[in-house]
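Following: one structure in C-alpha cells, then a few remarks.
The values are calculated or read from the model by the stated rules, or taken from the named source; none is laboratory data. This is a predicted model, so every value here is computed, not measured. Counting neighbours? That spans all protein chains shown, and the Cβs are built from the backbone with ideal geometry, glycine included. Calculation scope for accessible area: heavy atoms of the full protein, side chains included, ligands and nucleic acids excluded. Shrake-Rupley method; radii C 1.70, N 1.55, O 1.52, S 1.80 Å.
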Amino acid sequence: MYGHASAEWLNAGLIVAGGGIVCALLLRSRSESWRAAIARTLAPVIARRSTVLVIALFALVIYLLVASEVFSRRPLIIDEIVQVVQARVMASGHLWVPTPAHPEFTSVLNIVNAGGKTYSHFPPGGPAVLALGELVAAPWIMGPVAGFLSVLLFAWLLRALEPRVMVRRLALLLFAFCPFTAFMAGSHMNHVSGLTFLLLGMAGTAHALTERRHPLLAIFAGGLGFGLAAATRPLDAVAFALPAAAWFLMVAARDRTQWRLVPAATLGVAIPAAALLTVQALTTGSPFLMAYEVMWGSNVGLGFHNTPWGDRHTPMMGLGLISRYFVRLQIYLFESSVPSLIPATVALWLTRGLRAADRYLLAAAALLIGFYLAYWHDGFFLGPRFFYPLLPVLAVWSARFPSAVADRFGRRQAYWSVVYGALIAIGIAVAINIPLRVRQYSNSFITSRWDADAAAKQAGVSNALVFVRESFGAEVIARMWGLGVPPGAAEQVYKHVDACALHQALAKVESLPAPRRPTGPELGQALQGLMGDSARLIHSPFSPDTTELVLPGSRYTAECLRRIADDRGGFTLYPPLLVARSDNIFVRDLPGRNGLMLDTYPDRPVYLLRPSTAEIGSEPRFERISRDSIRTN
C-alpha cells in the first residue's frame, strides 16, 4: 500500500504544485481586479445564514443519489444487514424475537442467540435510527437524513469554533461534500448517525462554554448528543465526551456560576443513557452487559490481549492498524491525487495559538486515535470508518489552510500557488478519481444487491419455504453456531481445521441424543483439539470458496466430496435474504438436516435457491423441489 501510494502521491504532487506555481505566475499581474470583484460578489451570499441550509439540502440530494444509485438502496455488508434486521424488529414494537428451535438455519454473524432471545449485537442507537425509515419501508433514507443533520450541526459548531465567515463556509463545504462523508452517508452504517449525535454533543458543549447564549439549552443539547452517541457508538462517545467534561471543569474552576449547567447536562445524558440501560436489561439480562460481550466474550473490548478468535493484539499491531487508517484517510477523505491530510497538517503547524474549542477537538481526536490503537479489529468500509468522527476536525483545519499560509507569508506568491494548486487537485478528484470510485462501489457486492422479492414475484414463488444453498464452509460454521459454539471459537476452529474433518466431527455430535450432546463452550473446546495440524493446512484447491481449508493427504468421505462438488455447482449468500420483504421463508440449506424445516413449515411449497454456476455475479434462481427429495438428501 505504502509504495504504490507514495509513487502516485509524488507524481500527482508535482503536477498540483507545479500547476499551482505556474498559474500564480501567469495570473499575478492581471488577477487582482477580478479576484477582488469575485470576493465582493460572493461575500454577501456567503454571509447569509440561508446559505447553510442551501448547502445542507444540496448535500442531502447528493447523499440520496449515492444511497440509491451507487448502493442500490440496499444494505451490502453484514454489519448493515444485521442493523436493518434489528431495525425491522424495533419497528414492529419489539427489541428481540424468540430464538428458533433450530437456529443453525437462520443464524448469521453479529446476531446474538442467547437466553431464548435473538437480537443484534450492535448498540440500539443505530438500528433505532434505521427503524424510523423502516416505518415507511425505506431504511435507506436514514443515512442521508443523518448526513443532512450532521451538516447543519457542523455549521452550528463552526459558529463557536471559527470567527471568519469565509473559513466557516469553506469548512462546511469540505465536510458536506468530501467523498468520505458522501459515500458513508449513503450507507446503512451506524457511523453516520453516530457522528450526527457527536456533532450535537460537540456543538452544544462549545456554545455553552464559549458564546454563553442560552447556555442551559446548549449544554442540555450537548449532553443529549453525547448520550445518544453512547447508545450508538460507545467508544466514539467516550472519546469526545471525556475531553468535553474536562473542558467544562476547567471553565467552572474559573467561573463558579458554570456549575448551574450541571443539572441540564446531566439530564441530557441521562435520557438516552436510561434508554440504553433499559434495552440492555431487556435483551442481555443486565443493564450493564452489552450485546457485544454476550456474543464475543469479555475480550471483545480495548486492550492488548487475545482477540475473540484467538489471535493476539499487541501494541505493534495496534500501531500498524493506526498507520493503515491514516494512509487510507489520505486516500479516501478527499479522493485527491495528493495526500488528503496535507492541508490540515500544514495549517495546524502554521497556526500560533489555539482557542479552547480547538484544543478540545484536538484532544478528543487524539483520544479517539488512542482508543483504536488498543482495539483489535481492522475497521474498513468505504474508507477507515473508525476514523469517521475525525471528519469535522479535518474539515475545519483543511479550510484554514489558505488563511494560515496568508497569515504567515501574506497574500503573495506562496498563497496563490496554494489556492490554484488546491483548485487543480479538486478538479482532478472531481473529473477522474471520484467517478472511478463511484464505478468501483457501484460494481461491488453484487450478491447483496440482488432483489429476491422481485425475482420471487417474477418466478411465481410466494408463501414458500426456500432453502438457500451456501458454500460448504458457511454451512459448517452455521452448524457450529446451532450447537451453541461461541462465534469467536467457531471462527477460530474454522480457520485452523480441515473443512471435511470439521464436518465429520460435527456430524458425530449431531447424531448423538440431545442429553448426551456436548454444546456451547464445551464443544468449542473439544473442536479446538482438531487444530493440531493447522500449520499444514492450505486453501482448498477444489472449492470456489477460498475460505475452506484442506489438509494435504487427507482421505475425504463421499459426503464431503459431494458437498465440495455442490460448491462447484454454485452457491450464494444467505444473510442478504434476511431483509427480503416477501411472504417467503428463507432458510439455510443444510443437507441431512433440512427435514427439521419441513416439519416446521409443513404446508408450504419448497424451493431451492442457488445460482446456475459458481461464477461471481451469477444470479440465483428458484428451483421447485419435492419434499421427498429434501428428506432423502
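ALA535 label point, 7 Å along Cα→Cβ, cut-off 19 Å on backbone N: hits in segment 548-577? It comes to 550-554, nothing else.
Rounded, prolate or oblate: pick one for segment 213-325, where a ≥ b ≥ c are the square roots of the eigenvalues of its C-alpha gyration tensor, a/c under 1.5 means rounded, and failing that, prolate if a/b is larger than b/c, else oblate.
Oblate.
Scaled against 2.2 N^0.38 Å for its residue count N, the alpha carbon radius of gyration of segment 374-443 is 1.51. Going by accessible surface with a 1.4 Å probe and the largest first, TRP376, TRP397 read TRP376, TRP397.
Rounded, prolate or oblate: which fits segment 160-205, taking a ≥ b ≥ c as square roots of the Cα gyration tensor eigenvalues, rounded meaning a/c under 1.5, else prolate when a/b beats b/c? Oblate. Taking the Cα centre of segment 258-369 as origin and assigning +1 to Lys and Arg Cβ atoms and -1 to Asp and Glu Cβ atoms, the resulting dipole is close to 360 debye. Protein-only accessible surface at a 1.4 angstrom probe places the residues GLU162, GLU522 in the order GLU522, GLU162, largest first. Ligands, DNA and RNA aside, MET90 has an accessible area near 40 Å² when probed at 1.4 Å. Taking 10 °C and 1.306 mPa s as conditions, the chain diffuses translationally at an estimated 59 µm²/s according to Stokes-Einstein applied to its Kirkwood radius (Cα pairs). Shape analysis of segment 490-633 places it in the oblate category; the axes a ≥ b ≥ c from the Cα gyration tensor give an a/c of at least 1.5, with a/b not above b/c. Accessible surface of ARG469, taken over heavy atoms with a 1.4 Å probe and every protein chain present, rounds to 10 Å².
In segment 529-568, whose amide N lies under 13 Å from the spot 7 Å out along Cα-to-Cβ of THR314? List them in ranges. Answer for this model: none.
With runs of 4+ DSSP H residues as the only contributors, calculate the mean residue ellipticity of the chain at 222 nm using -39,500 (n - 2.57) per run, divided by the residue total and rounded to the nearest 500.
-18500 deg cm²/dmol
The accessible area of THR106, taken with all protein chains in place and a 1.4 Å probe, comes to roughly 50 Å². The candidates ASP566, ASP236, ASP603, ASP533, arranged from most to least accessible area with a 1.4 Å probe in the full protein assembly, appear as ASP603, ASP533, ASP566, ASP236.
For the chain, the longest principal axis of the alpha carbon atoms and the long axis of helix 2-26 meet at an angle near 30°. Basic side chains Lys and Arg get +1 at the Cβ, acidic Asp and Glu get -1 at the Cβ, and with that the dipole of the chain about its Cα centre reaches some 2300 debye.
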